[in-house]
Amino acid sequence: MPSTLQPSDGPSQPYSARSIALSVLVESVQSDEGIDVLLDRALTRTPLDSRDRALSVELTYGVLRRLRTIDWRLEPILDKPLPRLPVAVQMLLRLGAYQLLFLNRVPHSAAVNESVKLAKAQGRRLKRDWSGLVNAALRTLVREPKRPWPSTNVDAAQALSVRHSVPEWLSRRWIERLGITGAEAACEQTSLVPPVTLRVNRLQITRNVFLTRLQEAGIAARPTSVSPVGITLEDGGPIPSLPGFAEGQFYVEDEAAQLIPPLLDPHPRDVVLDACAAPGGKATHLAELMQDQGAIYAVDRKGARLDILRSNCCRLKIKSVVPIVSDIRDQSAWRKAMKLAGKGTDQAMQFDRILVDAPCSGLGVLRRHPEAKWRKDSEAFERHHTVQFQILESVAPCLRPGGVLVYSTCSTEPEENESVIDQFLRAHAGFQRESVAPWLPEAGQRFLTERGDLSTMGNCLSMDGFYAVRLKRVES
């Protein structure tokens, strides 16, 4: 739903980094869309220079990454509880507080004054001038000494929630499962700024040649530590302006995600099913591993997301991916959709490889989607578990004997990972778990679990938290 809050109170008021951030933050409360989508849309239609665009991104993501900590600092200096204020005023206060608490390069006077000006500019729409409250609260925040952090000896869940800005239900859950030390490491990861990582499209260029191209353009970059096809950018910047973007020489993808497709060990001319394919990162990686020979049926229930996949395939010059709009849980439906698309007319057709990159809680990628921290609850795991098992039940009969199925998530939680696979294997004696070790690079062997699965949870290499398991069909 589009936000009714506009960046300014009239045509004479210019767009600014802060006004855009405010508008997007308010919209994020009203919308189910990701903050990346909302921010990209706002910046696309706004004439900001590169410096202001960068500040807008910093403010938007920063507020959401540090929301709980910011609110905790604001609570004692407000006469009225923060949740009782209009959403726009809440976000105005958080924007100002984020700059005061976390952005050293912004002078305190500028953070306060710009926040007050923004409050005044929104006065007509808010039907009240809240600038006095914003001014008083932020000046008090500057003036008063920093509050001591809550003690883990008194209430560990609250202490980690406040210090690392995660919901208290999540910090409590991780304490129960990982202990305080492990939980603190997991909580801390959710608020870190992730690196920009690229996967080189080796159908177009090698990693070494592409690194040289970046260096010649004055862009600092280095090879990833684990993935043999990844590059980490040392400096940010608009992705479309990078060398090689238009030519399809790379795809933006976290290093941990780059480790998943090779676990399938696909070969040229294989027939592959990518069960939850959009926006196409793993499908296009599979195509590269297959030398773009064979067929990858990329199923997703949202046509708009498959449009993004098509665009990515076009840019990367990938031709072997076949988008199919359907709900992967309904085998008859997606089989029918394949037939209507002129593909896979044989209802008994079986696949050589199946990838189930299942929908999940996304707790392993919260640092990239900080708004998700405040949209989730502890009941989501059971819902996801049900859907994940339904997907496996739908696709498993379509794997040929001797074929391989890889199940992966960007979740850190057992209910969405090991528990799903345990339930599936109990119901399907014809499948067996295989260690992923032979298909991991040497530097990735440290991420093997005791059962031979892949888990990058809690890694110290700035990778997202991913889980993957390899299953082989041993009988018909």
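The values are calculated or read from the model by the stated rules, or taken from the named source; none is laboratory data. All values reported here derive from a predicted model rather than from experimental measurement. Here the Cβ positions follow ideal geometry from the backbone for every residue, glycine too, while neighbour counts run over all protein chains shown. For the accessible areas, the whole protein counts, side chains as well, though only heavy atoms, and no ligand, DNA or RNA atoms are used. Shrake-Rupley method; radii C 1.70, N 1.55, O 1.52, S 1.80 Å.
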Accessible area per residue for the chain in Å², computed with a 1.4 Å probe and the full protein assembly in place, what is it? 44 Å²
Among all the lysines, which ones have a C-alpha under 23 Å from residue 302's C-alpha, if same-chain residues fewer than 8 places away are not counted? 282, 317, 319, 336, 339, 343, 376
To the nearest 500 deg cm²/dmol, what mean residue ellipticity at 222 nm is calculated for the chain from DSSP H runs of n ≥ 4 alone, each contributing -39,500 (n - 2.57), summed and divided by the residues? -13000 deg cm²/dmol
With all protein chains present, the chain has a carbon and sulfur share of its accessible area (1.4 Å probe) in percent of 50 percent
Mind checking which lysines have their Cα closer than 22 Å to the Cα of residue 373? Skip sequence neighbours fewer than 8 apart in that chain. none
Using a 7 Å offset from the Cα along the Cα-to-Cβ direction at both residue 302 and residue 418, what is the distance between the two label points in nm, to one decimal? 3.1 nm
What is the dipole size for the chain, taken about its Cα centre, with +1 at each Lys and Arg Cβ and -1 at each Asp and Glu Cβ, in debye to the nearest 20? 1160 debye
Just need the relative contact order of region 48-122 here, percent rounded to a whole number, with Cα pairs under 8 Å and 6+ apart. 27 percent
At a 10 angstrom cut-off on C-beta neighbours, averaged per residue, how do the peptides 403-414, 97-108 rank from highest to lowest? 403-414, 97-108
Go through 174-186, 244-256 and give me the packing order, highest mean Cβ count within 10 Å leading. 244-256, 174-186
Figure the gain on full extension for residue 168 and residue 330 (residue separation times 0.36 nm, minus the Cα-Cα span) and round it to one decimal in nm. 54.7 nm
Two pseudo-spin positions, 7 Å from Cα along C-beta at residue 215 and at residue 149, lie apart in nanometres by 3.9 nm
As a test of the definition: which semi-axes, in Å, follow for region 331-476 when you take the square root of five times each eigenvalue of its alpha carbon gyration tensor? Largest first, please. 27, 20, 14
If you scale each eigenvalue of the Cα gyration tensor by 5 and take the root, what three semi-axes come out for region 153-256, rounded to whole angstrom and sorted largest first? 39, 13, 10
Give me D for the chain in µm² s⁻¹, whole number, from Stokes-Einstein with Rh from the Kirkwood sum over alpha-carbon pairs, 37 °C and 0.692 mPa s. 136 µm²/s
Going by amide H atoms built from the backbone, whose H comes under 5 Å of the H on residue 252, apart from near neighbours? 199
Given the options 385, 436, 414, identify the residue whose Cα lies farthest towards the positive end of the charge dipole of region 385-444 (+1 on Cβ of Lys, Arg; -1 on Cβ of Asp, Glu). 436
Fraction in percent of alpha-carbon pairs per bin - 10 Å, region 165-222: 20, 29, 14, 21, 17
With the dipole of the chain worked out from charges on the C-beta (+1 for Lys and Arg, -1 for Asp and Glu) around the Cα centre, which of 64, 206, 149 lies farthest toward the positive end? 64
Taking the dipole of the chain about the Cα centre (Lys, Arg +1; Asp, Glu -1; charges at Cβ), the one of 101, 123, 466 that reaches farthest to the positive side is 123
Loop-only check: which GluC sites (Glu not before Pro) in region 15-76 are DSSP coil with at most 15 other Cβ within 10 angstrom? 33
How large is ³J(HN,Hα) for each residue in region 404-414, as worked out from phi by the Karplus curve 6.51 cos²θ - 1.76 cosθ + 1.60 (θ = phi - 60°), to whole Hz, x for Gly and Pro? 10, 10, 10, 10, 9, 9, 9, 10, 9, 9, x
Can you check what the net charge comes to around residue 353, using other residues whose Cβ is under 12 Å from the Cβ of residue 353 (Lys, Arg +1; Asp, Glu -1)? +2
For residue 196, residues with placed amide H under 5 Å, excluding near neighbours: 233
Return a whole-number percent for the relative contact order of region 340-418, with Cα pairs under 8 Å and 6 or more residues apart as the contact set. 51 percent
Output the Cα-based Rg and Dmax of region 249-380 in Å, rounding Rg to one decimal and Dmax to a whole number. 15.2, 45
With contacts defined as alpha carbon pairs under 8 Å and 6 or more residues apart, what's the relative contact order of the chain in percent? 11 percent
Restricting to lysines and to Cα separations under 25 Å from residue 120, and discarding same-chain partners fewer than 8 apart, the set is 80
In nanometres, what is the gap between the two model label sites at residue 53 and residue 400, each 7 Å from Cα along Cα-to-Cβ? 4.7 nm
Which FRET efficiency value, to the nearest 0.05, is calculated for residue 181 and residue 435 with the Förster distance at 35 angstrom and r the Cβ-Cβ distance? 0.80
